[in-house]
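Here's the structure we're looking at; comments come further down.
The values are calculated or read from the model by the stated rules, or taken from the named source; none is laboratory data. This one's a predicted model, so the numbers in the text were calculated from it and none came from an experiment. Here the Cβ is made from the backbone with ideal geometry for all residues, glycine too, and neighbour counts use every protein chain on show. Ligands, DNA and RNA are excluded from the accessible area calculation, which covers all protein heavy atoms including side chains. Shrake-Rupley method; radii C 1.70, N 1.55, O 1.52, S 1.80 Å.
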Amino acid sequence: AAVFFVWDQDGETPATPPPGSDSAILPDALRVAAQDNRLCVHYQPQVRLTDGAVVGLEALARWRHPTLGNVAPDIFIPLAERTAQIGRLGVWILGRSLLDFASLGLPEPMRLAVNVSPLQLRDPGFADQVARCLDDAGQIPKRLELEITETTQLGDDPQVAHALKALEKLGVGLALDDFGTGYSNFAALTKFRFSCLKLDRTLVTGLDDERNQMLIRSMVGMAQNLEMDLLAEGIETEAQANILRDLGCELAQGYLFSPPLPFGEIRDWLDAR
Ligand code: C2E
Ligand code: CA
Ligand code: CA
Ligand code: CA
């Protein structure tokens, strides 16, 4: 297994993996992982800052590898993208998390947020897959929000544009993830109807800075004008939560409220509230 992750670190993955290397069996590793319960989904609550009400859950994938231990999604998602496995992996995660969400029986308007790789959006069948997963779980589209990380392609890739339009038409919510991290995709905001803007954690860490606060205040205004929810990620302290609430940011997520939890634990956590 080490072989693959060494390549991973220099970011140079050979187009064709050498025979016998672990990357050659990765597609299978992912499939077996799903069957073996080695892949699972954890859930992190999203809350409203004014009253602490839970408004949703974000699904975050986890992989317990037999020899590597827990592999972080930051590693295995890009791996799945490079080895053309992200489509199948993504549908598995979507299906699994929708079934979990359905079995929690949470009242509207609570929703499930699921991360989607921009590569999944290039698949012309993606919106149909989403519709099928919703059907299988007996959920209506507005209970689901897909979180899409802003990248350069978002605005100008015609396949991605097509998928986003189809998802909009289906009626699922779209969140622009990691907003403020570099590719601030203002063009994408004008082309597609995002229901939620997720402020990246890096904006939250510098909150004592007055200019940072002004930046967030202006994002609050922008979100209001475009009729989007604004959710701040990575809230770890009461102080951060208080400042954000005072700035008018309505929603938040972070360790302060709860880390991502396995299904059984999030059920208990929700029950206890
Ligand atoms: P993300 O979507 O931006 O998710 C937020 C990350 O921040 C998660 O890391 C979460 O566990 C972590 N986090 C939450 N609250 C706090 C906090 O208060 N402080 C700090 N320091 N971190 C916090 P995680 O679960 O390791 O996921 C990393 C990234 O992997 C995600 O970033 C997302 O881009 C990707 N990812 C995870 N699951 C999936 C998935 O099912 N599909 C796809 N395509 N990507 C996924
Ligand atoms: Ca996310
Ligand atoms: Ca994020
Ligand atoms: Ca991220």
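Considering each of E58, E81 in turn, give the residue that is modelled with pLDDT of 85 or more, acidic (D, E) and open to solvent by less than 40 Å² (accessible area, probe 1.4 Å). Show your work before the answer.
On the way: E81 fails: open to solvent by less than 40 Å² (accessible area, probe 1.4 Å).
Going through E58, E81 in turn, the sole match is E58.
Can you work out which of the residues in the range 232-257 that are more than 16 Å from the chain's Cα centre (by Cα) and among the small types (G, A, S) is farthest from T202 (Cα to Cα)?
Among those residues, the one meeting the criterion is G248.
Checking T205 against (1) buried (at least 17 other Cβ atoms within 10 Å of the Cβ); (2) at pLDDT below 95; (3) over 22 Å from P78 (Cα atoms); (4) hydroxyl-bearing (S, T, Y), which test does it fail?
(1)
Quick one: how many residues across the range 97-119 are touching a residue at least 12 places away in the same chain (Cβ under 8 Å), part of a helix (DSSP H, G or I) and open to solvent by 10 Å² or more (accessible area, probe 1.4 Å)?
Summing the residues that are touching a residue at least 12 places away in the same chain (Cβ under 8 Å), part of a helix (DSSP H, G or I) and open to solvent by 10 Å² or more (accessible area, probe 1.4 Å) in the range 97-119 gives 4.
With the structure loaded, tell me whether D229 is among the acidic types (D, E), open to solvent by less than 20 Å² (accessible area, probe 1.4 Å) and within 19 Å of the chain's Cα centre (by Cα) or whether it fails that test.
On the way: among the acidic types (D, E): yes; open to solvent by less than 20 Å² (accessible area, probe 1.4 Å): no; within 19 Å of the chain's Cα centre (by Cα): yes.
Answer is no for this residue.
Of the residues in the range 167-207, how many are more than 27 Å from R143 (Cβ to Cβ) and away from ligand 1 (no atom under 15 Å from the Cβ)?
3
Within the range 122-175, how many residues are buried (at least 20 other Cβ atoms within 10 Å of the Cβ) and in a helix (DSSP H, G or I)?
12
Kindly indicate which of V160, V220 is in contact with a Cys (Cβ under 7 Å, 6 or more places away or on another chain) and away from ligand 2 (no atom under 16 Å from the Cβ).
V220
Given (1) open to solvent by less than 20 Å² (accessible area, probe 1.4 Å); (2) out of contact with any strand residue (DSSP E or B) (no Cβ under 7 Å at 6 or more places or on another chain); (3) away from ligand 2 (no atom under 16 Å from the Cβ), identify the lone condition not met by L244.
(2)
It is to be established whether one or more residues within the range 163-181 are of a type in the set (S, T, N, Q) and modelled with pLDDT of 90 or more.
The answer is no, given that none of the residues of the range 163-181 is of a type in the set (S, T, N, Q) and modelled with pLDDT of 90 or more.
List pairs: first in the range 49-65 and closer than 26 Å to A241 by Cβ and assigned to a loop (DSSP other than H, G, I, E, B), second open to solvent by less than 20 Å² (accessible area, probe 1.4 Å) and not hydroxyl-bearing (S, T, Y), Cβ under 7 Å, 6+ apart or cross-chain?
Correct list of pairs: L49/A241; L49/L244; L49/C249; L49/L251; L49/A252; A53/V47.
Going by the structure shown, is L94 in a helix (DSSP H, G or I) and on the phi < 0 side of the Ramachandran plot? Full working, then the answer.
On the way: in a helix (DSSP H, G or I): yes; on the phi < 0 side of the Ramachandran plot: yes.
Taking the combined requirement at face value, the residue satisfies it.
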